[in-house]
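To start, the structure itself, in structure tokens.
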Amino acid sequence: MATELRSYIDGNWHDGARLVDDINPANPSEAVAQVSMGNTSVAVAAVEAASAAFAGWRRTPAPARGEILRKAADLLEQRASTVGRDLTREEGKTLVEGIGETKRAAAILRYYAGLTLEADGQTYPSLSPKTFLFARREPIGVVAAITPWNFPIAIPAWKIAPALAYGNTVVWKPAELVPLTATHLLEALVDAGLPKGVLNMVLGRGSEVGEVLATHQAIDAITFTGSNPVGRSIQRKATEHGKKVQLEMGGKNPSVVLADANLDHAAEQVARGAFLSAGQKCTATSRVIVEEPVLREFQDRLTALAKAWKLGDPLEEDTKVGPVVSRDQMQTVLDYIQIGSQEGGRVLTGGEKAKDLGDGYYVQPTIITDLSRESRVAREEIFGPVVAILPARSYEEAVALANDTPFGLTASLFTNDLTKALRFANDIRVGVVKINQESAGLEFQVPFGGAKESSSGSREQGEAAKEFFTQWKTVYMDQV
Ligand code: NAD
């Protein structure tokens, strides 16, 4: 019997309205769990529980809140091989990536535990000799965290940990495809001693329970990571209801390879950015812009890696690329590959569902070239192991191409020319720039977010998270 997963509200597990299977994308006939899907009344109960718990949690000293996060980090680390394995079975990324992401979530919890000992305000000189003037950061209230499936434990950790550390209570809606990993994170926090009602988890359909979170009057702020259409619709509703909103959305991240780059290194990094996690990262490399003198040499190197990297069972140690997350996602990716061919693109390698891997949702690492810059494959987010190669005649043309997108999440440049590296860091309109590194891969102690259509609201991660999860209170105190 598969484990039955439920919503968690006010310290209790809650049945939903109907059961659905949680499918293993490497082997779709296996249900890794069954999910009792909550409906709007479950979401309302979660919001009410978070609202009732706020007064007590806000009064809890910040270092005591941090102590619970620290314990949760330890528990998650102890459980990393079990949790990472379940993450792999549920989402499809390789075991190394699944365990690595779990350990990273533990590190994020520990980082925000540490921040609960940092200064939470400032004093100011007053114009009056008898006034003590200070301002401090306070929690906002009840925060809704809506998270995607592609980083099923790290993204929830980098939203929930700062929310709790700074004294907010939380209603969390994980993505439908990853309820088992979500339950592991929740359990680590509950087992660490989080009081009831402080963190509530609603398992259910985004379109159903998400509506409650975007509009309920007791929700003060919404932090969302996911696709652009969903993010924008949440923003419209939430803003109308007076809520603070933070959105992290899609990307079409370029890597630019200049003629003087170390091509072996560039090809390895671009392959990592494009194909690891089956390309399902918001920061994945989906366009490579290559200076013409090295186009052929670079293409050959990247193609060799795409062919050599093992596509297969993500639980096997030597697998580099696992399946994509679902049948729908596989179809979307295969449709884009076909669109690329119709647009005049030439597939250098890949281009199909793997034939020898049973029913698993495996798409071959795919490289497409000869596309025009207007083609959909060169402009739209695909979210699969597919990368488009575009030639450029100069640094200037490469940057213009890299910037020619509505998105602006991350970008990378490969060069040994320090001047061009510094110019690129200025010229490119994105939130994160990498020089001689893949476009994906983030550290948790620095701000993260994008430019243009990729993000909205203040940055996530690092100390920057404080901007979203707190508000200033200014105090004037007179001696009389
Ligand atoms: P999605 O937008 O389909 O879903 C994200 C979350 O929103 C899920 O929990 C989903 O259930 C919920 N949701 C769906 N409809 C809703 C509604 N009407 N109201 C409220 N909530 C609703 O995205 P996804 O497919 O889970 O994730 C992939 C997308 O996420 C990609 O576009 C990717 O680029 C983006 N992403 C961005 C970042 C970033 O930091 N910028 C990180 C990871 C993923």
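Side notes on the structure shown:
- Yes/no for residue 88 being surrounded by 24 or more Cβ atoms within 10 Å (Cβ to Cβ), touching a helix residue (DSSP H, G or I) at 6+ places or on another chain (Cβ under 9 Å) and under 14 Å from residue 153 (Cα atoms): yes
- Test: residue in segment 397-404 that is touching a residue at least 12 places away in the same chain (Cβ under 8 Å), assigned to a strand (DSSP E or B) and either among the hydrophobic types (A, V, I, L, M, F, W, C) or more than 12 Å from the ligand (Cβ to nearest atom) (or both): no
- Residue check, residue 318 free of Cβ contacts under 8 Å to residues at least 24 places away in the same chain and among the acidic types (Asp, Glu): yes
- In segment 195-206 there is no residue matching the filter, namely being outside the structural domain of residue 406 (by TED's automatic domain parsing), under 16 Å from the mean Cα position of the chain (by Cα) and open to solvent by less than 10 Å² (accessible area, probe 1.4 Å).
- If you go through segment 451-480 and pick out every residue that is of a type outside the set (Phe, Trp, Tyr) and either modelled with pLDDT under 95 or more than 25 Å from residue 103 (Cβ to Cβ) (or both), you end up with 18.
- A single member of 394, 439 is closer than 26 Å to residue 103 by Cβ and either away from the ligand (no atom under 16 Å from the Cβ) or hydroxyl-bearing (Ser, Thr, Tyr) (or both), and it is 439.
- In this structure, residue 188 qualifies as more than 10 Å from the ligand (Cβ to nearest atom), of a type outside the set (Phe, Trp, Tyr), touching a residue at least 40 places away in the same chain (Cβ under 8 Å) and open to solvent by less than 10 Å² (accessible area, probe 1.4 Å).
- Residue 260 out of contact with any Leu (no Cβ under 7 Å at 6 or more places or on another chain), within 30 Å of residue 291 (Cα to Cα) and of a type in the set (D, E, K, R): yes
- Of residues in segment 116-139 being surrounded by fewer than 20 Cβ atoms within 10 Å (Cβ to Cβ) and either within 29 Å of the chain's Cα centre (by Cα) or basic (Lys, Arg) (or both), the one farthest from residue 217 (Cα to Cα): 130
- Scan of segment 405-429 for residues that are in contact (Cβ under 8 Å) with a residue 40 or more places away in the chain, open to solvent by 50 Å² or more (accessible area, probe 1.4 Å) and more than 20 Å from residue 292 (Cα to Cα), ordered by number: 406
- Reported count of residues in segment 363-383, each being assigned to a loop (DSSP other than H, G, I, E, B) and among the small types (Gly, Ala, Ser), is 2.
- Unmet requirement for residue 193, which otherwise passes all of (1) part of a loop (DSSP other than H, G, I, E, B); (2) at pLDDT below 95: (2)
- Considering segment 443-473, and only residues there that are more than 15 Å from the chain's Cα centre (by Cα) and free of Cβ contacts under 8 Å to residues at least 24 places away in the same chain, the residue that is nearest to residue 250 (Cα to Cα) turns out to be 464.
- Scanning segment 212-226 for residues that are under 19 Å from residue 149 (Cα atoms) and either near the ligand (Cβ under 6 Å from one of its atoms) or part of a helix (DSSP H, G or I) (or both) yields a count of 3.
- Test: residue in segment 430-444 that is closer than 28 Å to residue 168 by Cβ and open to solvent by 50 Å² or more (accessible area, probe 1.4 Å): yes
- Among the candidates 262, 253, residue that is within 16 Å of the ligand (Cβ to nearest atom), among the polar types (S, T, N, Q) and within 22 Å of residue 420 (Cα to Cα): 253
- Taking the criterion of being open to solvent by less than 40 Å² (accessible area, probe 1.4 Å), assigned to a strand (DSSP E or B) and touching a residue at least 60 places away in the same chain (Cβ under 8 Å), the residues of segment 22-49 that qualify are 22, 24, 28, 32, 33, 35, 36, 37, 38.
- Residues located in segment 227-243, provided they are open to solvent by 20 Å² or more (accessible area, probe 1.4 Å) and either near the ligand (Cβ under 8 Å from one of its atoms) or in a helix (DSSP H, G or I) (or both): 227, 228, 229, 230, 232, 233, 235, 236, 237, 239, 240
- When the residues of segment 445-455 are filtered to those that are open to solvent by 30 Å² or more (accessible area, probe 1.4 Å) and not acidic (Asp, Glu), the one that is farthest from residue 269 (Cα to Cα) is 452.
- Condition met for residue 373 (within 22 Å of residue 295 (Cα to Cα), at pLDDT below 95 and surrounded by fewer than 24 Cβ atoms within 10 Å (Cβ to Cβ)): yes
- Scan segment 160-185 for residues that are more than 10 Å from the ligand (Cβ to nearest atom) and either free of Cβ contacts under 8 Å to residues at least 12 places away in the same chain or not aliphatic (A, V, I, L, M) (or both) and the total you get is 9.
- Residue in segment 291-310 that is open to solvent by less than 60 Å² (accessible area, probe 1.4 Å), outside any helix (DSSP H, G or I) and within 12 Å of the ligand (Cβ to nearest atom) present: no
The values are calculated or read from the model by the stated rules, or taken from the named source; none is laboratory data. No experiment lies behind these values; they were computed from the predicted model shown. For neighbour counting, all protein chains shown are included, and Cβ atoms are generated from backbone atoms with ideal geometry for every residue, glycine included. What goes into the accessible areas is simple: the full protein's heavy atoms, side chains included, and nothing from ligands, DNA or RNA. Shrake-Rupley method; radii C 1.70, N 1.55, O 1.52, S 1.80 Å.
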